[in-house]
There are 2 protein chains.
Amino acid sequence: MDGELELIRRIADRAGVRGGVATGIGDDAAVLDDGTVLALDMVVDGVHVRRATHSFGDIAHTALAVNLSDVAAMGALPVAALIGLGLPEDVRGDDVDAMYADMEDLADAHGMSIVGGDVSASPVLTVSVAIVGRPTAGIRPVLRSTGRPGDTLVVTGPLGASAAGLMVLRDPALAAGIPEADALVKTHLRPRPRVADGVHLAEAGATAMIDISDGLLLDADRMARASGLAADIDLEALPMAPGVVATAGAAGVDPALLAATGGEDYQLLAAIPPSAGLEPHLTVVGQLRDGDPGVRAMRSGRDVTPARLGWEHRGA
Amino acid sequence: MDGELELIRRIADRAGVRGGVATGIGDDAAVLDDGTVLALDMVVDGVHVRRATHSFGDIAHTALAVNLSDVAAMGALPVAALIGLGLPEDVRGDDVDAMYADMEDLADAHGMSIVGGDVSASPVLTVSVAIVGRPTAGIRPVLRSTGRPGDTLVVTGPLGASAAGLMVLRDPALAAGIPEADALVKTHLRPRPRVADGVHLAEAGATAMIDISDGLLLDADRMARASGLAADIDLEALPMAPGVVATAGAAGVDPALLAATGGEDYQLLAAIPPSAGLEPHLTVVGQLRDGDPGVRAMRSGRDVTPARLGWEHRGA
């Protein structure tokens, strides 16, 4: 079996881009000629979520949230989503109602609509979501490939909460003495896409953007390689979610590395020109520069890049 | 477990339609304010296709074709598709290449692009496809719900080939003495969406349209109920694909009922005003009229509607 990244490379190599498409495979979302953005992400029980720890509502929320995050990463606003449900025999109508109740809540909070989809039998619970978004007036979708040397790298909020929450879910004993443990778990089960932040960054002139789905280092590496630049990430500058340092300590892992590689934060990583003003809720975590394309994790001026930058959902 | 139709009803009851959407859940595709059409259909191994009888290319072709058929049923042209692959451990990179080769061929034949998607591990081979289309200039997408009393019901080509092909796949002995057996199997494995026909019918003034995915009677029933009308289908008028009568005879089933309920033909069923001219490749199969909403199958003036109108992909 080939890894996810290798498969995507092979797929992208083969893809033909025909009329009406501005940007095809290779970004958080594709872009049509009129600026419409399109993305599809699927959530599979046992791979991205687990029925043992996630409610039906959690699973459905996550599936829609990760797609909203793709639209956010383009600096666009979501308009409509389609939902494909693969349902095992034991899933009841009430479970499906619970899934849709939570997806409708999330859709409503973002002013967008669930407009269709498909329901099928399947041996494994699968939620495929496709989403359509549009940028605000006069703004083009922000790609990951258009960062510029000297741009500042910023994140929209604290990192590590989802990874720490997953650790607590897997080993509840870690929660002892950590008042934020429940909040960490909730962040893992109910990711919150940064749609308003994405639009704001696009309007403020971000040159490149990506959502932090698989770990800051891996997603920064993707932005850097797509832009043909080096990205330096300062591990000592990362904004840590409350409770992450304590949880990492209890588990005996490096908190900054947990925050940098843990994945599923769904914060945005943006490159902004040095001249742009910094909003207070943005944290500078590094810089783009000319150099060998890819990410370097720095600590006190030393390169401490780990071998594993983040998560792939299909092992190599 | 609830049936597919019951689940879709529950989902549609809950759905809120917000800004930017003209038509939400309940048609072959959703329609945005600017006429953009969106659909998502998934194909699951063991449910819609079988790795024992379908090649990887067949499965991928089918997944894209059924989505193209949804766009065709709106009278629109496809622009872009997103592909979500759920891949079991034993699927190799070469298999994925084979899937994309056949999807790229089909995309190219329709002048549209595969622009992205997702790859995930999964215990079962799953292909989710989302598609975006646009109507030709000056034409609105054709819904299934807007048929009018007195409209003529037409189909775009012969029926029953896919159902007969599936019977041959399951019982190869049926093929003895039937020269068209291979062609029937091929029609089942490689459905051909009627995109040009759909555009032509929309431009010719079709009032309602639906693709025949689950059986002529079931899809006519959907159109009729959505339009608040009765639909009479004349079983003696159905255009039979070559070899269907012989295959049905060999299997001891009624050929017209096979063609009317077999499903997966991916021809289009359209309602056209009596004043519209009939193209030679269209066949009149019935009529819409005022009356109890739903389909009736007629034979020599008698109501012979079967209890089972077609296929659901999640049993009741």
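The values are calculated or read from the model by the stated rules, or taken from the named source; none is laboratory data. For clarity, every value in this text was computed on a predicted model and none was experimentally measured. FYI the Cβ positions are ideal-geometry reconstructions off the backbone, even for glycines, and counts take in every protein chain you see.
Listed values, structure above:
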| quantity | calculated |
| --- | --- |
| Scan of region B:5-57 for residues that are acidic (Asp, Glu) and closer than 21 Å to B:Met223 by Cβ, ordered by number | B:Glu6, B:Asp13, B:Asp27, B:Asp28, B:Asp41 |
| Filter result (more than 7 Å from chain A (Cβ to nearest Cβ) and assigned to a helix (DSSP H, G or I)) within region B:90-100 | B:Asp94, B:Asp95, B:Ala98, B:Met99 |
| Those residues of region B:283-298 which are in contact with a helix residue (DSSP H, G or I) (Cβ under 8 Å, 6 or more places away or on another chain) and more than 11 Å from B:Ala231 (Cβ to Cβ), in sequence order | B:Thr283, B:Val284 |
| Answer residue from region A:105-124, given it is among the charged types (D, E, K, R) and under 24 Å from the mean Cα position of the chain (by Cα) and is nearest to B:Leu87 (Cα to Cα) among those | A:Asp105 |
| Close pairs (6 angstrom Cβ cut-off, 6 or more residues apart or separate chains): closer than 17 Å to A:Thr126 by Cβ in region B:32-55, part of a loop (DSSP other than H, G, I, E, B) and among the basic types (Lys, Arg) anywhere | B:Asp45/B:Arg51 |
| Tally, over region A:166-189, of residues that are in contact (Cβ under 8 Å) with a residue 60 or more places away in the chain and closer than 22 Å to A:Thr283 by Cβ | 4 |
| Residue that is closer than 24 Å to B:Leu5 by Cβ and touching a Ser or Thr at 6+ places or on another chain (Cβ under 6 Å), where the choices are B:Pro239, B:Pro193 | B:Pro193 |
| The listed residue being of a type in the set (Lys, Arg), crowded, with 22+ Cβ neighbours inside 10 Å and in the same structural domain as A:Pro274 (by TED's automatic domain parsing), out of A:Arg190, A:Arg194 | A:Arg194 |
| Qualifying position, being within 14 Å of chain A (Cβ to nearest Cβ) and either in a strand (DSSP E or B) or touching a Gly at 6+ places or on another chain (Cβ under 9 Å) (or both), among B:Arg144, B:Arg140 | B:Arg144 |
| Qualifying positions in region A:188-221 - more than 13 Å from A:Leu153 (Cα to Cα) and assigned to a helix (DSSP H, G or I) | A:His188, A:Leu189, A:Val195, A:Ala196, A:Asp197, A:Gly198, A:Val199, A:His200, A:Ala202, A:Glu203, A:Leu218 |
| Boolean, B:Ala63 is within 18 Å of the chain's Cα centre (by Cα) and surrounded by 17 or more Cβ atoms within 10 Å (Cβ to Cβ) | yes |
| Residue selected from region B:206-263 under the condition in contact with a strand residue (DSSP E or B) (Cβ under 7 Å, 6 or more places away or on another chain) and of a type in the set (D, E, K, R), by the criterion nearest to B:Ala73 (Cα to Cα) | B:Asp211 |
| Candidate set from region B:108-137 (those that are within 7 Å of chain A (Cβ to nearest Cβ) and outside any strand (DSSP E or B)); member that is nearest to B:Ile59 (Cα to Cα) | B:Val124 |
